[in-house]
Amino acid sequence: MADAASRGSDDSLKFSTLLAYSLPAMPISALGLPLVVHLPPFYASEMGLGLGLVGFLFMIARFWDVFTDPVVGVLSDKFESRWGRRRHWIVASVPILMIAAYMIFLPQGEVTGAYLMFWMFILYIGWTLLTISHLSWGAELTPVYYERSRIHGAREIALILGMVFVLTLPVFAHLVFPEGEEPHAVTLMGLFIIILLPITVAIAVTGVKERKTPEPQAVPWKEAVKLLAKSKPLQIIIFVDLVGGVSGGIVASLFVFLARDALQLGAASDLMLLVYFMSGVLFIPFIILISKKLGKHKTVAFSALFTAATLPLILLIPEGNVGFALFCWVVLGINMGAGPFLFRSIMADVADHDAVQSGQQRTGLFYSLLTMTNKIGHAVAIGVAYFALEVIGFQAGGENTPAVISGLKAVYVWPAMIISVVIAFLVWRFPLDEEKQLENRRILEARALDVAEAAIAARTAGNIDPPHAGEQPRGAPAD
């Protein structure tokens, strides 16, 4: 443990590096939040497409995104440029996202289901290129166990700040524009994304260099599937991220209806999200410290139990009581970022464990699996949640009976609470801790040294075919 701690301090990344790397997370979240919270109600009501159709279209678009994830993950691992393995993909995503964001957030011409579906497909291609390449890049910036939590914690803070900024845009619009002439909130969000995205990506790709990692070797797909199927750590982290995506998707997609229609919070609804995210930003450094004491996986477990214990506070909020609602969302926000950034930090350790077992560096593939499962969860959540609203007879912005409001609250609270308990149970005995990660890194470093020595010897002997980095000159421990 002492060895690991000392290495963590020696290999710590500079604050400027963390800042530059994390910046693209702001437009990522500024896009992701409206996709779940604001755009479905916007297209369902103001664009007149209806709850059922919009829920179905957003679910199908998410499943399309799921299909593209592993493809992009493999491409991101396989093809390098003079910039490295990840940065050129991040740059390529920018024009795709800017065009698609313009068409979705500032819809042009007649808006139909086909229009929404087409541009959602394009948007998700660009978003997948950006998110998977960015996550994989972060995982490869350092091999140190806790330093990875610091990287993904910094990225999570940037994600939350992106959400905070995009939520405050309507407030600033009210201050700047005459009453009744303010641009629509969705329009402001789209412009914010289009402007911020190229700026933050430019800072990141020019300010942070990629750390050299072994070149991945081709693996027959059947062999790859077998290796993945045998990985217990991968199975656990993917499953908990999947069900966590269902939980988060339900809560996010129903928030507007809960706050405005059920709790009658009116204009204060966006304030609830704002304090929720600000609470998350403030407590992320504290959660990182806890993870150093308890380990990443046990911190995730306690975080999930905290969510399960506090989420029913929603049921106690009286209609129109903004003060008590603010208190509840501050409490709920305390650990809102814990699961997402710790899951991504843990996945970097899982990728190293796979590299020990298989001899391959497949970080992009592993992060594509992680984003894929979360998106499946969100896809299922929004389809099921909107269908449930239609079944109980909920009317967005209309008159709803007390029984319908109670049904909405039940859909919002109880599935997420049960899922949180399941997550805590599954991750409590997660098999990769700091000690195991340190052992894996020693094996990988020894292999890299063997390959380097063999390459030098081959060049000295005039051998033009030195060993590949994916070969395993030293044995791996059993799983």
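The values are calculated or read from the model by the stated rules, or taken from the named source; none is laboratory data. Since the model is a prediction, treat every value here as computed from it, not as a measurement. Cβ sites come from the backbone with ideal geometry, for glycine too, and all protein chains shown count toward neighbours. Protein only, heavy atoms only, side chains kept; ligands, DNA and RNA dropped before computing areas. Shrake-Rupley method; radii C 1.70, N 1.55, O 1.52, S 1.80 Å.
Per 0.36 nm of contour for each residue apart, how much would the distance between Phe387 and Lys78 grow if the chain were fully extended, relative to their Cα-Cα spacing? Kindly include the intermediate steps, with their values, before the conclusion.
Working: separation 309, 0.36 × 309 = 111.24 nm, distance 4.03 nm.
Between Phe387 and Lys78, full extension yields 107.2 nm more.
If DNA, RNA and ligands are ignored and the probe is 1.4 Å, what is the ranking of Trp414, Trp119 by accessible area, most exposed first?
Trp414, Trp119
I'd like the accessible area for Asp433: 1.4 Å probe, protein heavy atoms, all chains in place, Å² to the nearest 10.
Surface open to solvent at Asp433 totals about 60 Å².
Tell me the accessible surface of His134 in square angstrom (1.4 angstrom probe, heavy atoms of protein chains only), to the nearest ten.
Using a 1.4 Å probe on the heavy atoms, I get roughly 0 Å².
Output the 0 to 90 degree angle, nearest 10, between the alpha-carbon long axis of helix 434-461 and the longest principal axis computed from the alpha carbons of the chain.
Relative to the chain, helix 434-461 is tipped by roughly 50 degrees.
Pairing the Cα long axis of helix 87-105 with the longest principal axis of the chain, what angle in degrees results, from 0 to 90 and rounded to the nearest 10?
Approximately 10 degrees, to the nearest 10.
Using the Cα gyration tensor of region 1-136, with a ≥ b ≥ c the square roots of its eigenvalues, what is the shape: rounded (a/c below 1.5), prolate (a/b larger than b/c) or oblate (neither)?
Prolate.
Can you tally the net charge around Phe341? Count Lys and Arg as +1, Asp and Glu as -1, for every other residue whose Cβ sits under 9 Å from the Cβ of Phe341.
+1
Roll a 1.4 Å probe over the protein chains and send me the accessible area per residue for the chain in Å².
42
From Cα coordinates alone, what are the radius of gyration and Dmax values for region 355-397 in angstrom?
Both quantities, over Cα of region 355-397: 18.2, 56 Å.
Pull up the cross-link candidates among the lysines for Lys212, meaning alpha carbon to alpha carbon under 29 Å and not fewer than 8 places away within one chain.
Straight-line reach from Lys212, under 29 Å: Lys14, Lys78, Lys222, Lys226, Lys230, Lys232, Lys292, Lys296, Lys436.
What share of all Cα pairs of region 306-367, in percent, falls into each consecutive 10 Å distance bin?
Calculated P(r), rounded to whole percents: 20, 29, 18, 17, 12, 4.
To the nearest 0.05, what FRET efficiency results for Lys232 and Phe63 with a Förster distance of 30 Å applied to their C-beta separation?
For Lys232 and Phe63, the calculated efficiency is 0.65.
What number comes out for the charge environment of Ala154, summing +1 per Lys or Arg and -1 per Asp or Glu over other residues with Cβ under 13 Å away?
Local net charge: +3.
Tell me the mean residue ellipticity at 222 nm calculated for the chain from its helices only (DSSP H runs of n ≥ 4, each -39500 (n - 2.57), averaged over every residue, nearest 500). Don't skip to the end; give the middle numbers.
Details: 17 runs with 351 residues, N = 479.
Result for the chain: -25500 deg cm²/dmol, rounded to the nearest 500.
Counting only the backbone N, which residues of region 341-363 are under 11 Å from the spot 7 Å out from the Cα of Leu449 toward its beta-carbon?
Within reach of a label on Leu449, which here means backbone N under 11 Å from a point 7 Å along Cα→Cβ, region 341-363 contributes nothing.
Heavy atoms only, probe 1.4 Å: what % of the accessible area of region 36-96 goes to carbon and sulfur, would you let me know?
75
Which value results for Rg/Rh of region 299-424 when Rg is the Cα radius of gyration and Rh the Kirkwood radius based on the inverse mean 1/r?
1.09
Note the listed values [x] 21.9, 64; [y] 20.8, 61; [z] 23.0, 84, then indicate which one is Rg and Dmax of the Cα atoms in Å calculated from this particular structure.
Correct label is [z].
So who's got an amide H within less than 5 Å of the one on His184, skipping anything under 5 residues away but keeping other chains? H placed 1.01 Å off N, in plane.
none
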